[in-house]
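S.K.: First the structure, then my questions, so here it is.
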Amino acid sequence: MDLGELRRSYRGDAEAFEEQHLASRDPIQQFRVWFEEAVGCPAIGEANAMCLATCTRDGKPSARMVLLKGFGQDGFRFFTNHESRKGKELDANPFASLVFYWEPLNRQVRIEGSVKRLPEEESERYFHSRPKSSQIGAVVSRQSTVIPDREYLRKKNAELEERYRETTVPKPAYWGGYILQPDVMEFWQGQTNRLHDRIVFRRLRDGSAPLGDMTHRGEGEWVFERFSP
């Protein structure tokens, strides 16, 4: 199938995303502004949907959509099964990339960094804040394992609904949260002529490192640059 003619218009040059349009020189705050605009856009169903890319120790990547469940200066939080493919890959290679794509706004944000597990108390607290059906679903599903058919899930779900009808669902030991601590954050905005805007923040671990002529100081350890599209 040839998709060469499948294309659409983005923004015009009058709506370019330039350095003076940054809401903050702190990329977490800049993300907050764009995220809130995405949440407020009626055409975006789940602004917190993101592609999580992980990699095995020997360099074989995998990616899937998950939901962001919190963010702040310490990083970006999500929850999953530790025994799933992504959980095993994060255990073996604790680095990942996130991508948010808000198509109606012609924007994406790419985030790279190291990942670690959240404290058990935080995972426990979030688990019990979920609807009971979702809690049971997490117990039913041994994510990424082979099962005979969907009927297996239905039966297991019905059994656990009955078992926990009047009691609290215990959080499985194999389920919990992660936090990605960003080292790189890229803000991309599409242009119809394909001269897209890319402003990339990176964290300088050595604050005394000299900056290039086209590198700008951000807040704290952050610097930012414009990349060619």
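The values are calculated or read from the model by the stated rules, or taken from the named source; none is laboratory data. Predicted model, so just to flag it, every value in this text is computed and none were measured. Heads up, the Cβs are rebuilt from the backbone with ideal geometry, glycines too, and the neighbour counts pull from every protein chain shown. Calculation scope for accessible area: heavy atoms of the full protein, side chains included, ligands and nucleic acids excluded. Shrake-Rupley method; radii C 1.70, N 1.55, O 1.52, S 1.80 Å.
S.K.: Please compute, over every Cα-Cα pair in segment 99-210, the percentage with a separation greater than 17 angstrom. It would help to have the intermediate numbers written out before the result.
M.R.: Numbers: 4408 of 6216 pairs.
In whole percent, the long-distance tail amounts to 71.
S.K.: Label-point separation (nm) for ASP2 and LEU67, each offset 7 Å from Cα along Cα-to-Cβ?
M.R.: Spacing of the two 7 Å Cα→Cβ label points: 4.3 nm.
S.K.: Please compute the contact order of the chain in relative form: average sequence separation of alpha-carbon pairs under 8 Å and at least six residues apart, divided by the residue count, as a percent. Intermediate values should be presented prior to the final figure.
M.R.: Values: 368 pairs, mean separation 51.1, N = 229.
Averaging sequence separation for qualifying contacts and normalising by length gives 22 percent for the chain.
S.K.: Where Rh is the Kirkwood radius over the Cα pairs of the chain, the temperature 20 °C and the viscosity 1.002 mPa s, what D in µm²/s does Stokes-Einstein return? Provide the component values of the computation, followed by the final result.
M.R.: Numbers: Rh = 20.0 Å.
Translational diffusion coefficient: 107 µm²/s.
S.K.: Sticking with this one: Go through 119-127, 37-45, 100-108 and give me the packing order, highest mean Cβ count within 10 Å leading.
M.R.: Values: 119-127: 14.8, 37-45: 12.3, 100-108: 17.6.
Result, highest mean Cβ count within 10 Å first: 100-108, 119-127, 37-45.
S.K.: For ASP26, list long-range residues whose amide hydrogen, built 1.01 Å from N in the peptide plane, is under 5 Å from its own amide hydrogen.
M.R.: Here GLU219 satisfy the definition.
S.K.: Just round it to a whole percent: the fraction of Cα-Cα distances in segment 151-229 exceeding 21 Å. Mind showing how you got there, number by number?
M.R.: Working: 1814 of 3081 pairs.
Every Cα pair in segment 151-229 considered, those over 21 Å come to 59 percent.
S.K.: Which whole-number percent gives the relative contact order of segment 149-202, counting Cα pairs below 8 Å spaced six or more residues apart? Please list the in-between numbers first.
M.R.: Working: 25 pairs, mean separation 12.0, N = 54.
Taking the mean separation of contacting Cα pairs over the length of segment 149-202, I get 22 percent.
S.K.: A follow-up question, please. Taking the simple approach of a point 7 Å from Cα along Cα-to-Cβ for both LEU195 and GLN181, what is their distance in nm?
M.R.: 4.0
S.K.: Sorting check: for 89-95, 67-73, 176-182, 141-147, which peptide has the highest mean count of neighbouring beta carbons within 10 Å, and how do the rest follow?
M.R.: Details: 89-95: 16.6, 67-73: 14.9, 176-182: 21.4, 141-147: 12.0.
Ranked by mean Cβ neighbours within 10 Å, highest first: 176-182, 89-95, 67-73, 141-147.
S.K.: Where only protein heavy atoms count, and the probe is 1.4 Å, what is the accessible area per residue for segment 48-140 in Å²? Write down the numbers at each step before the final one.
M.R.: Working: 4350 Å² over 93 residues.
That works out to 47 Å² for each residue.
S.K.: Stokes-Einstein diffusion coefficient for segment 35-116 at 10 °C in a medium of 1.306 mPa s, Rh from the Kirkwood formula over Cα pairs: what value in µm²/s?
M.R.: Details: Rh = 13.5 Å.
D, rounded to a whole number, is 118 µm²/s.
S.K.: How much of the accessible area of segment 57-178, in percent, comes from carbon and sulfur atoms when a 1.4 Å probe is used?
M.R.: Values: 3540 of 6930 Å².
The value for segment 57-178 is 51 percent carbon and sulfur by accessible area.
S.K.: Turning to a different aspect of this structure: Assuming a viscosity of 1.002 mPa s and a temperature of 20 °C, what translational diffusion coefficient in µm² per second does Stokes-Einstein assign to segment 39-169, Rh being the Kirkwood radius over Cα pairs?
M.R.: Values: Rh = 16.8 Å.
Value of D from the Cα-based Kirkwood radius: 127 µm²/s.
S.K.: Measure out, as a whole number of angstrom, how far apart the alpha-carbon centroids of segment 170-229 and segment 80-98 sit.
M.R.: Centre-to-centre (Cα) distance: 21 Å.
S.K.: Something else now. With point charges of +1 on the Cβ of Lys and Arg and -1 on the Cβ of Asp and Glu, referenced to the Cα centre of segment 8-114, which listed residue (GLN30, THR54, PHE100) lies farthest in the positive direction of the dipole?
M.R.: Farthest towards the positive end: THR54.
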